[in-house]
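Taking it in order: structure first as structure tokens, then the write-up.
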Amino acid sequence: MREHDMLEKEEIFSKVLRAGRRTYFFDVRATKADDYYITITESKKFTEEDGSFHFKKHKIYLYKEDFAAFAEILDEMTSYVLNHKGEEVISERHQKDFKKEYASEKIDDEIIPQTSAFTNIEFDDI
């Protein structure tokens, strides 16, 4: 089989979701036995200091036998997030006036919160 025929057969249906620096590719592809499966690819653009850029890609292969369980868990997880945090995006990147309540420091695999309002106290003050 020629390469062009193989590519034409492999990609059956595609959709693209552009989301800021990330792009998600959803593709229906065919196996050698002509059965279908889905690939989900996340492509993230990184810009270097010199202005050049590169992409990092991560891919998930999702087969028909896993569709129902995958869809059920994805629906459960997205509903959980929306029910607990709503649709508003809360982050430094999306809100200019966002302030973290505290920073954390990791020491020996233990995360120790450090408040920004900490006052340095000397023993002479006690």
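Bear in mind that the values in this text are calculations on the coordinates, not laboratory data. This is a predicted model, so every value here is computed, not measured. With ideal geometry, Cβ positions are generated from the backbone for all residues, glycine too; neighbour counts draw on all protein chains shown.
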Answer with yes or no whether ALA33 is without any contact (Cβ under 8 Å) to a residue 60 or more places away in the chain, out of contact with any helix residue (DSSP H, G or I) (no Cβ under 9 Å at 6 or more places or on another chain) and within 24 Å of VAL89 (Cα to Cα).
no
Can you tell me which residue in region 10-53 is nearest to ASP66 (Cα to Cα), limited to those that are basic (Lys, Arg) and not in a strand (DSSP E or B)?
LYS32
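Per-residue answers, yes or no, for (1) more than 22 Å from ARG21 (Cβ to Cβ); (2) without any contact (Cβ under 8 Å) to a residue 24 or more places away in the chain; (3) assigned to a loop (DSSP other than H, G, I, E, B):
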position	(1), (2), (3)
LYS57	no, yes, no
GLU65	yes, yes, no
GLU72	yes, yes, no
GLU87	no, yes, yes
SER91	no, yes, yes
How about region 36-55: which of its residues are exposed (fewer than 10 other Cβ atoms within 10 Å of the Cβ) and of a type in the set (S, T, N, Q)?
SER52
Which of the residues that make up region 15-29 are loosely packed, with under 14 Cβ neighbours inside 10 Å and in contact with a Phe, Trp or Tyr (Cβ under 7 Å, 6 or more places away or on another chain)?
LYS15, VAL16, LEU17
